[in-house]
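Asks: Sharing a structure below in structure tokens format, with a few things to ask.
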Amino acid sequence: MKTKWVAFIVNFVSLVVSVLIYIWGLTHTKLQDSLERTFIATFVLGIVIIIFVYLNHGCIISLNINLKTWMKSLKDSLIKNIDWVACFIFSIIITLISLYFLSPENKILPISISTNGSLYLLSSISQALAAIFALVFTVTLMAATMAKKYTAIDKFFNKKTKYLMILFIIGIVLPFLLLKIEPNNDRIYNILISISIGLAAFCIAAIIPYLKNSNNILKFDIGVDNLIGELNESTISENYPTARTIVYELLDIGKSAIDNKREDSLYKITTGISDSIGIPLLRQGGILPTFNAYNLINCFDTLGKKATEKHMDRVAVSIIYSLKDSGISLMNKDFFDGSVEQIIITLHDMGIAASKYRLKDTSIYSMVHILFLAKFSSSKTNREYATESAYYHFGICAAYMEKHFPNGVSYLYNEIKSDYDDISIILPEERINKINTEFSDVKGYLDEFIEHYNLIKRDEQT
């Protein structure tokens, strides 16, 4: 493979040399005066290009694939850093505008570099940037030291922050240097002044994405960990009202994390909320009446639906598993506050949304865990309603899957076939009719789902 790429590079260099010779021949000899010789030279160059493509077509295809990958990576990077790109474009515009105003040919707003005004402008740029630099980074340092984490300073002073600090320093020093320089060439001096103005514009505009980035660090990288630590302390000490308040704060951060595609923070948040449900239920003896599992389940409901709508499949699946574990703990502790039913409804809503968006894992595992909770609740006393509710909502999800994501039925079959070889047991005629009546937009699709399911079973058996 290495030898092939070496040959490709050698051939490519040869092609470039051939093109350069061809261009030189047309521009520095009398070839352009002879159509016949020009045609021959073009024909020979075409043959060289054809031979090059033929000998290196494999490398060219591979290079094209790598180029597409690189372009996709570049596009994702630009979208992720769109604020910084906007600041860069803004600074270029300011540089060009100032260059036009400072040019001697400009008759609209000429600015003489020999006047005290231009010197005052350079001095003001340095002083303003120095003041902003001191204020912004002092506040950042204070926020880092108050974050209750020893690694906070490293998080705040990351690569982007260091680059911005370097640009600030250049923006402060450059005008001072221009003040000391005796201009021998007005055009070059004007260009340097324009660059200084453009750099100052970038530094000032970059404060917005910098503060946004600092807020994200404070909220996602530091705030989540601190809140989860406080949540665990409140839960263990049975201070459930305080724990509930912290959970609501985590919910707000979680919604923001979904908008910003911060999966790592979301995993921490869902784990923290799940522990705030599980720890009290694992406690021996009774539970204080201030513990309210239903409200905590509603937080999962909000995060799960939003993650599904944003096509965050892995995050949604992690929430599904947390809901399943919470449902088991609630039934083991004989909780009858409607939390188990709310878990089933949440899984149902996520399953329908996932089928519409064709999210494979979320659509499948939401239905798998609905059936798991149905089976688990059937082994408990006084849980008949939860069992019936689970099978009913599974049927609704099945109808929507058949309508929007029929390819998911085969994956679902592989997950549940060991427990539900005969799907009609949990989807009797009465339940099918009820779903067809109440959900007219998927009327008839549940029957198609059952046929599809049985067809997959027959194909596997044969």
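The values are calculated or read from the model by the stated rules, or taken from the named source; none is laboratory data. Please read all numbers here as calculations on a predicted model, not as lab measurements. We place every Cβ from the backbone using ideal geometry, glycine too, and count neighbours over all the protein chains shown.
Asks: Which condition breaks for TYR321 when tested against (1) surrounded by 15 or more Cβ atoms within 10 Å (Cβ to Cβ); (2) under 25 Å from THR387 (Cβ atoms)?
Replies: Failed condition: (1).
Asks: Could you say whether any residue in the range 148-156 is touching a residue at least 12 places away in the same chain (Cβ under 8 Å), under 19 Å from PRO209 (Cβ atoms) and out of contact with any Phe, Trp or Tyr (no Cβ under 8 Å at 6 or more places or on another chain)?
Replies: Yes, the range 148-156 contains a residue that is touching a residue at least 12 places away in the same chain (Cβ under 8 Å), under 19 Å from PRO209 (Cβ atoms) and out of contact with any Phe, Trp or Tyr (no Cβ under 8 Å at 6 or more places or on another chain).
Asks: Conditions first: (1) touching a Ser or Thr at 6+ places or on another chain (Cβ under 7 Å); (2) surrounded by 17 or more Cβ atoms within 10 Å (Cβ to Cβ). SER378 passes all but one, so which condition is the exception?
Replies: Going through the list (1) touching a Ser or Thr at 6+ places or on another chain (Cβ under 7 Å); (2) surrounded by 17 or more Cβ atoms within 10 Å (Cβ to Cβ), SER378 breaks only (2).
Asks: So, of the residues in the range 345-375 that are in contact with a helix residue (DSSP H, G or I) (Cβ under 7 Å, 6 or more places away or on another chain) and farther than 17 Å from MET401 by Cα, which turns out to be surrounded by the fewest Cβ atoms within 10 Å (Cβ to Cβ)?
Replies: Looking at the filtered set, the residue picked out is PHE372.
Asks: Ok, one more. Out of curiosity, is GLU230 more than 21 Å from SER339 (Cβ to Cβ) and out of contact with any Phe, Trp or Tyr (no Cβ under 7 Å at 6 or more places or on another chain)?
Replies: yes
Asks: Out of all the residues in the range 109-140, which are at pLDDT below 60, of a type in the set (A, V, I, L, M) and exposed (fewer than 15 other Cβ atoms within 10 Å of the Cβ)?
Replies: LEU109
Asks: Which numbered condition trips up SER237, out of (1) surrounded by fewer than 16 Cβ atoms within 10 Å (Cβ to Cβ); (2) of a type outside the set (Lys, Arg); (3) within 30 Å of ILE153 (Cα to Cα)?
Replies: Every condition holds for SER237 apart from (3).
Asks: Output the helices (runs of 4 or more DSSP H) that fall wholly within the range 379-451 and possess 2 or more residues being closer than 25 Å to ASP337 by Cα, out of contact with any strand residue (DSSP E or B) (no Cβ under 7 Å at 6 or more places or on another chain) and assigned by TED's automatic domain parsing to the domain that holds VAL368, or say none.
Replies: Helices (runs of 4 or more DSSP H) meeting the threshold: 384-404.
Asks: Hey, another quick one. Of PHE376, PHE335, PHE394, PHE372, which residue is free of Cβ contacts under 8 Å to residues at least 60 places away in the same chain and more than 26 Å from TYR453 (Cβ to Cβ)?
Replies: None of the other options fit; the residue is PHE335.
Asks: Has the range 278-293 got at least one residue that is at pLDDT 90 or above and buried (at least 21 other Cβ atoms within 10 Å of the Cβ)?
Replies: Scanning the range 278-293, I find no residue that is at pLDDT 90 or above and buried (at least 21 other Cβ atoms within 10 Å of the Cβ), so the answer is no.
Asks: So, one more: Pick from PHE394, PHE376: which is of a type outside the set (Ser, Thr, Tyr) and more than 19 Å from ASP301 (Cβ to Cβ)?
Replies: Going through PHE394, PHE376 in turn, the sole match is PHE376.
Asks: Filter the range 188-239 for residues that are within 19 Å of the chain's Cα centre (by Cα), farther than 22 Å from ILE89 by Cβ and among the charged types (D, E, K, R) and give the result.
Replies: Answer for the range 188-239, where residues must be within 19 Å of the chain's Cα centre (by Cα), farther than 22 Å from ILE89 by Cβ and among the charged types (D, E, K, R): LYS219, ASP221.
Yes/no per residue for (1) modelled with pLDDT under 80; (2) touching a Cys at 6+ places or on another chain (Cβ under 9 Å); (3) closer than 30 Å to ALA144 by Cα; (4) not basic (Lys, Arg):
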residue	(1), (2), (3), (4)
LYS160	no, no, yes, no
ASN190	yes, no, no, yes
SER194	no, no, no, yes
LEU199	no, no, yes, yes
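Asks: Working only within the range 241-257, note down all residues that are in contact (Cβ under 8 Å) with a residue 40 or more places away in the chain and surrounded by 22 or more Cβ atoms within 10 Å (Cβ to Cβ).
Replies: VAL247, LEU250, GLY254
Asks: In a helix (DSSP H, G or I) and modelled with pLDDT under 85 - does that describe any residue in the range 101-108?
Replies: For the range 101-108, residues in a helix (DSSP H, G or I) and modelled with pLDDT under 85: present.
Asks: If you scan the range 420-459, which residues turn out to be among the hydrophobic types (A, V, I, L, M, F, W, C), surrounded by 13 or more Cβ atoms within 10 Å (Cβ to Cβ) and closer than 16 Å to TYR391 by Cα?
Replies: Answer for the range 420-459, where residues must be among the hydrophobic types (A, V, I, L, M, F, W, C), surrounded by 13 or more Cβ atoms within 10 Å (Cβ to Cβ) and closer than 16 Å to TYR391 by Cα: ILE423, ILE426, LEU427, ILE432, ILE435, PHE439, LEU446, PHE449, ILE450.
Asks: Considering each of SER339, SER377, SER322 in turn, give the residue that is modelled with pLDDT under 95 and within 27 Å of the chain's Cα centre (by Cα).
Replies: Result of the check over SER339, SER377, SER322: SER322.
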